[in-house]
Number of protein chains: 2
Amino acid sequence: MNNYTAPLRDIRFALHDVLGAEALFASLPGGDVANRELIDAVLEEGAKFTEQVLAPLNQSGDREGCTFDKDSGEVRTPAGFKAAFAHYVDGGWAGLTAPEAYGGQHLPETLGAALKEMIDAANLGWGNYPLLSHGATEALKHHGEEWQREVFLRPIVEGRWTGTMCLTEPHCGSDLGLLKTRAVPRDDGTHAIEGTKIFITAGEHDLTDNIVHLVLARLPDAPPGTKGISLFIVPKFKVARDGAVGERNAVRCGSIEHKMGIHGSSTCVMHFDGAAGYLIGQPNRGLAAMFTMMNTARLAVGIQGLGLIDRALQNAVAYARDRLQGRSLGGAKQPDKPADPLIVHADIRRMLLTCKAFAEGGRALALHAASLVDVIERSTDAERKKHADELLSFLTPIVKACLTEWSIEATYHALQCFGGHGYIAEWGMEQLARDARITTIYEGTTGIQALDLLGRKTIQTQGVGLKHFLGMIVEFCTQETMNAELAEFVAPLAKAAQDWQQLTLEIGRRTMGDAEEVGAAAVDYLFYSGYVTLAFWWAKSVAAADRSNASAAFRQAKRDTARFYFQRILPRTLSHAAAIRSGPATLLAIDEEAFVGG
Amino acid sequence: MNNYTAPLRDIRFALHDVLGAEALFASLPGGDVANRELIDAVLEEGAKFTEQVLAPLNQSGDREGCTFDKDSGEVRTPAGFKAAFAHYVDGGWAGLTAPEAYGGQHLPETLGAALKEMIDAANLGWGNYPLLSHGATEALKHHGEEWQREVFLRPIVEGRWTGTMCLTEPHCGSDLGLLKTRAVPRDDGTHAIEGTKIFITAGEHDLTDNIVHLVLARLPDAPPGTKGISLFIVPKFKVARDGAVGERNAVRCGSIEHKMGIHGSSTCVMHFDGAAGYLIGQPNRGLAAMFTMMNTARLAVGIQGLGLIDRALQNAVAYARDRLQGRSLGGAKQPDKPADPLIVHADIRRMLLTCKAFAEGGRALALHAASLVDVIERSTDAERKKHADELLSFLTPIVKACLTEWSIEATYHALQCFGGHGYIAEWGMEQLARDARITTIYEGTTGIQALDLLGRKTIQTQGVGLKHFLGMIVEFCTQETMNAELAEFVAPLAKAAQDWQQLTLEIGRRTMGDAEEVGAAAVDYLFYSGYVTLAFWWAKSVAAADRSNASAAFRQAKRDTARFYFQRILPRTLSHAAAIRSGPATLLAIDEEAFVGG
């Protein structure tokens, strides 16, 4: 009862009209193969695959979930998942953006991100298996030795194996400095990995023959805290340096979690009992290597949010157009029918427009961030690379946290449009809400993203990333300054950018006197930043639509949605600014004993 | 893994110190039995029952859910539910607030509301069975003929039977004018009820021998729309006018819904196949009678929100104090431990304080609303009754919608404090979030409550209820005007009240020119009103705490939380005001074809 149609028209609009993807790719070494024709062909095939293969397995996958066999330690994914993965591999999707040297097609990450949105919208639980492989690919690509890439990366790129990220332990999640898993060197050059990891997505499953775990652990002589963490490759089945697959390694799944959602995705407790692992990258530099994966994964989780927003919107709009209930306050719209469709009601429209503003604005935001990955990876211009890197560092927590928070809000609104039916499993809206709920947690909670944005990415860098983004806004506003059609957006955007800068400086000043200011301001600053960022993409989208070949209706819808966004959503910055300016005192004053007043 | 301790201290504080319950009850006929001693004794017994009997069944009830036997049409509630209901009945809880004439104890509804909070916090799914009985009690009390009360009300009060509200049909929920169920008069004075009702909470279960359905249906000659709806009593087992229970009536459960949450609560499709029903109240005036139930139920659902907020808070605080993760930004708080507890972090505190502000402020708000029910039901002073009735009419949608919306937010924050563990079923936090999700839908969605508040209860009445509440604020601010200790709250509260009035007048003016203004402003106005209302209760709570015998720590916690509320939550009104002032244009402009841009 819950459908998915890939939003090809708007993805193409975002890529071609808003981001100028063809020209952007052409400006990068090896990027010219990704011309408009190829981009559109890939998108169309991706739409077919996700609509026809993945989407039909979404509700059944949720109902069935993964099952764990205690005796064998094996996990069975829901019916159809394995066949869908084979389909994915056969279609060449596994290696879409991976290096050609290891069997990939090396197409832009921007295009990969567009595909990912469709996968996640179609079936979030399934999408986690390729997501983790993508992260492992990045870590191996950037930190693996040549033989490691040949032996471990190639099978992942070919879709024969998948990857995982093994970070969390029972006593440590956000605070990785506490981790205890040990890695003891052996004479054969491997390490014996000993410890327990939890919440390991795709830690065990039946989609592929082997699984490549990337595991954070401590060497015997490692310094304490985060400076003593190394990264290891620990395959489920042992793999020799020549690629020969051997016996079962001493890593096994101890159980799978019973979760609120993403039931199709296995979340495993993994026991490493002296499992053979290969060090990847430098000793004690594992966290840096892991961040390569994590940044990729953070963008990817942001895109999960985007996919959920779009699917929620689609279904809520369909229901709101179909369901007759009540009369328009301005007079009956369909007097020949017993009632008007829900979509005539202003408040239903408020909820749908909120979803639409997040979906389409969020799409431009996410694809722009992905395009920075392409610049960083491909450009030979050091200055351009650096600029992209600084900007992406700044935008990553916004993409991750805001798109996922907005997915919580959007799935809330979309479910609400269904009334009581939204709460019933068969309509599929409650699954979207349950699935969305993990996205603000994994790969770093919203609170962690917010500290990253305000602390590491803004205050510690003297706002370099923010300056780059403000530069984009100023450039845009300057370009459009004479464009009367855009005045209604340009003026408030310029004002919002100025206020954002002002607020950031203010927080920076206050932080010098009190480190707690950062923690107290962080999440509100994150949302504030997200809303201004989205305002930029909405203004830009209207400008792009006006210059495009899109239909008048499409152009008008962009303008209408941008107006809605600027007038009804952007003012949320007012509350966030007030909360930020209230400082840490009201948060820190209360005694911890006094939180529960009953 | 998810615990519940009834917040007795704060409930007592709200009743005795904030609301002056003893004096209030004593001022009402028959209310003097509910003295402080009795109130406290009832609360303590209620705490024991809910903590020891209901709370342990919450997670198991969720896991097991209700089961439906297709052949018999019977519903089995989760293990322990039936015994808990027997316990409830044996304890005399079923008739706590019911009329003495029918076997009840006729204690104040305010006390009943305090008990209800504990029930809902302990086990929301279970709590729906008594909730519906309470609604049926109200309808029978106010609209039933004497024999109907004797025959149907008494067994409900005694807990031998339960009640339901049968409103929704497959094609109509919010818009009851569309309902089709028919009632054809029979020679014996009964009516043959024919039709299908959906989403019937407690429509079928195994807790009691009989179930009394209150069913909206149309008489043959009824006018169309809401003016042609009558209310009927349709028992599961037929009941003669002398109370003799006969054969099975032609009403059966066709299936139960698979829902996001409240799995312990049966949600039934009910088929009426010529079932014998008795008309209750006047023909074609059924909606008015149903509103008696619905208003009761709306307050009750608001209290469900309150219960969930408090339980979420309790568990999140316990986890945040226990779980070591990261270091305080202001320097290590527990340097001897590997990390500080989560509760040192400003952002964790922001989330917990938000829950606390909603829980404790919401408790005063809800109990005050319940106290108005007592005034309306008991007072012999016509002026006082009228005032209470007008004020309660205004506050009911705020209690219902704001407390439930805040329960969505609070369960979000509380789950988030658990990080990944929040997403895992065994911790019980995700159940709270799933259970909360229905509360903004049933008994009228937030959108419906908002239209009720702004349209029916404010604009149509020239703001009479708002004036009464503003009067309370003005009175309080005047009383406290010389109280230096309270100045930090009194000034912003007075300002907020003034702004609220101003905004309301503004909306009223705009509405005269455009009916759509109401729909466009409604939900934002609801939240705006809720935040100002809560500000009043927080200021009042600080004043009450200062004058109470509570410990210095308790008084300080009230002040600290009020400061947090005023500085970090109340400014949300800024965004809502901006959204309201943007008017309906941005909502109505977009073509319905254009909502999906993909």
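7 Å from Cα along Cα→Cβ at both A:L505 and A:R63: what's the point-to-point distance in nm?
6.0
Starting from one equal scatterer on each C-alpha and no solvent at all, send me the Debye-based log10 I(q)/I(0) for the protein assembly as shown at q = 0.07, 0.08 Å⁻¹, two decimals.
Calculated log10 I(q)/I(0) at the listed q: -0.67, -0.88.
How many Cβ atoms of partner chains, on average, are near each residue of A:395-407 if near means within 10 Å of its Cβ?
The shielding value for this peptide is 0.
Neighbouring Cβ atoms within 10 Å as the yardstick, rank B:K356, A:K400, A:K236 fewest first.
Sorted ascending by nearby Cβ count, the order is A:K236, B:K356, A:K400.
Would you work out the charge dipole size for the protein assembly as shown about its Cα centre, treating the Cβ of every Lys and Arg as +1 and the Cβ of every Asp and Glu as -1, and quote it to the nearest 20 debye?
Using only the charged Cβ atoms, the result is roughly 1100 debye.
Using the structure shown, list the pairs from A:K48/A:K116; B:K385/B:K457; B:K385/B:K467; B:K333/B:K558; A:K386/A:K467 with a Cα-Cα distance above 19 Å, or answer none.
Cα-Cα > 19 Å for B:K333/B:K558; rest within.
Report the calculated FRET efficiency for B:T380 and A:D336 (r = Cβ-Cβ distance, R0 = 35 Å), to the nearest 0.05.
Calculated value: 0.10.
If R₀ is 25 angstrom, what is the calculated FRET efficiency for the pair B:D322 and B:E45, using the beta carbon separation as r and rounding to 0.05?
Efficiency at R0 = 25 Å is approximately 0.25.
Computed over the Cα atoms of region A:366-474, what is the ratio Rg over Rh, Rh following Kirkwood?
When Rh is taken as the Kirkwood radius, the ratio is 1.13.
Cα convex hull of region A:474-567: mean projected area in nm², to one decimal?
Convex hull of Cα atoms, orientation-averaged projection: 6.6 nm².
Going through the cross-link list A:K141/A:K236; A:K197/A:K400; A:K495/B:K540; A:K400/B:K356; B:K197/B:K400; A:K337/B:K70, which pairs have a Cα-Cα distance over 30 Å in this structure?
The pairs that break the limit, which is 30 Å between Cα atoms, are A:K495/B:K540; A:K337/B:K70.
About the Cα centre of chain B, what is the dipole size in debye to 20, counting +1 per Lys and Arg Cβ and -1 per Asp and Glu Cβ, all else neutral?
Here the size comes out at about 880 debye.
Among the trypsin sites (Lys or Arg not before Pro) within region A:152-222, which fall in a DSSP loop and have no more than 14 other Cβ atoms within 10 Å of their own Cβ?
Passing both the DSSP loop test and the Cβ count: A:R160, A:K180, A:R186.
Once a ≥ b ≥ c are taken as the square roots of the eigenvalues of the Cα gyration tensor of region B:1-149, is the result rounded (a/c under 1.5), prolate (a/b larger than b/c) or oblate (a/b not larger than b/c)?
Since a/c reaches 1.5 but b/c is at least a/b, the shape of region B:1-149 is classed as oblate.
How big is region A:242-316 by the Kirkwood estimate over distinct Cα pairs, in Å?
16.3
Could you give the size of the charge dipole of region A:436-584 about its Cα centre, using +1 on the Cβ of each K and R and -1 on the Cβ of each D and E, expressed in debye and rounded to the nearest 20?
About 280 debye.
I'd like the mean, over residues of B:558-566, of how many other protein chain beta carbons sit within 10 Å of each residue's own Cβ.
Neighbouring Cβ atoms belonging to other protein chains average 4 per residue here.
Within 10 Å of each Cβ of B:412-425, how many other protein chain Cβ atoms are there on average?
Mean shielding by partner chains, rounded to a whole number: 6.
Find, to one decimal place in angstroms, the Kirkwood hydrodynamic radius of region A:1-44, where the mean of 1/r is taken over every pair of different Cα atoms and then inverted.
11.2
Could you work out the relative contact order of chain B? I mean the mean sequence separation of Cα pairs under 8 Å and 6+ apart, divided by the number of residues, in percent.
13
Which of the trypsin sites (Lys or Arg not before Pro) found in region B:63-114 are in a DSSP loop and have at most 11 neighbouring Cβ atoms, other than their own, within 10 Å?
B:K70
Label-to-label distances across copies for A:D69, with labels 7 Å out along Cα→Cβ, in nm, shortest first?
From this label point to the equivalent ones elsewhere in the assembly: 3.6 nm.
Note down the nm distance, to one decimal, between modelled labels 7 Å out along Cα→Cβ at A:D514 and at A:T481.
Spacing of the two 7 Å Cα→Cβ label points: 3.9 nm.
So how far apart, in nm, are the two label points at B:E158 and B:R581 if each is 7 Å from Cα heading toward Cβ?
Between B:E158 and B:R581, the simple spin-label model gives 6.2 nm.
Sequence gap at least 6, Cα distance under 8 Å: using those rules, report the relative contact order of region A:451-585 to the nearest whole percent.
29
Counting only the backbone N, which residues of region B:25-62 are under 19 Å from the spot 7 Å out from the Cα of B:H87 toward its beta-carbon?
Under cut-off, by backbone N: B:42-62.
Per the Kirkwood treatment, what hydrodynamic radius in Å, one decimal, follows for chain A from the mean inverse distance over all distinct Cα pairs?
Result for chain A, one decimal place: 24.9 Å.
With runs of 4+ DSSP H residues as the only contributors, calculate the mean residue ellipticity of the protein assembly as shown at 222 nm using -39,500 (n - 2.57) per run, divided by the residue total and rounded to the nearest 500.
-16500 deg cm²/dmol
Put a label point 7 Å from Cα along the Cβ direction on A:E383, then list its distances to the equivalent points in the other copies in nm, shortest first.
8.2
Taking the highest mean first, how do the peptides B:304-315, B:479-490, A:126-137 order by number of other beta carbon atoms within 10 angstrom per residue?
Top of the packing list down: B:304-315, A:126-137, B:479-490.
Please work out the Cα center distance from region A:17-51 to region A:501-557, rounded to the nearest Å.
Spelled out, the Cα-based centre of one part sits 27 Å from the other.
Could you order the peptides B:223-232, B:377-386, A:438-447, B:161-170 from most to least packed, using the average number of other C-beta atoms within 10 Å per residue?
A:438-447, B:161-170, B:223-232, B:377-386
Relative contact order (percent) for region B:205-302, with alpha-carbon contacts under 8 angstrom and 6 or more residues of separation?
Normalised by residue count, the contact order of region B:205-302 is 30 percent.
Can you list the distances in nanometres, one decimal and ascending, from the B:N35 label point to the identical position in each other copy, with the point 7 Å along Cα to Cβ?
Its label point is 9.4 nm from the equivalent points in the other copies.
Near A:A585, within a Cβ-to-Cβ distance under 13 Å, what is the net charge of the other residues, with Lys and Arg +1 and Asp and Glu -1?
+2
If I take R0 = 41 Å and measure r between the Cβ atoms of B:K180 and B:M1 in this structure, what FRET efficiency does the formula 1/(1 + (r/R0)^6) give, to the nearest 0.05?
Efficiency at R0 = 41 Å is approximately 0.35.
Using only the Cα atoms of region B:407-536, build the gyration tensor, take square roots of its eigenvalues as a ≥ b ≥ c, and label the shape rounded, prolate or oblate: rounded if a/c is under 1.5, else prolate if a/b is larger than b/c, else oblate.
oblate
Read-outs throughout are calculated quantities, based only on the coordinates presented, and are distinct from any laboratory measurement. All values derive from a computational prediction rather than experimental measurement. Note that we place each Cβ from the backbone using ideal geometry, even for glycine, and neighbour counts take in every protein chain shown.
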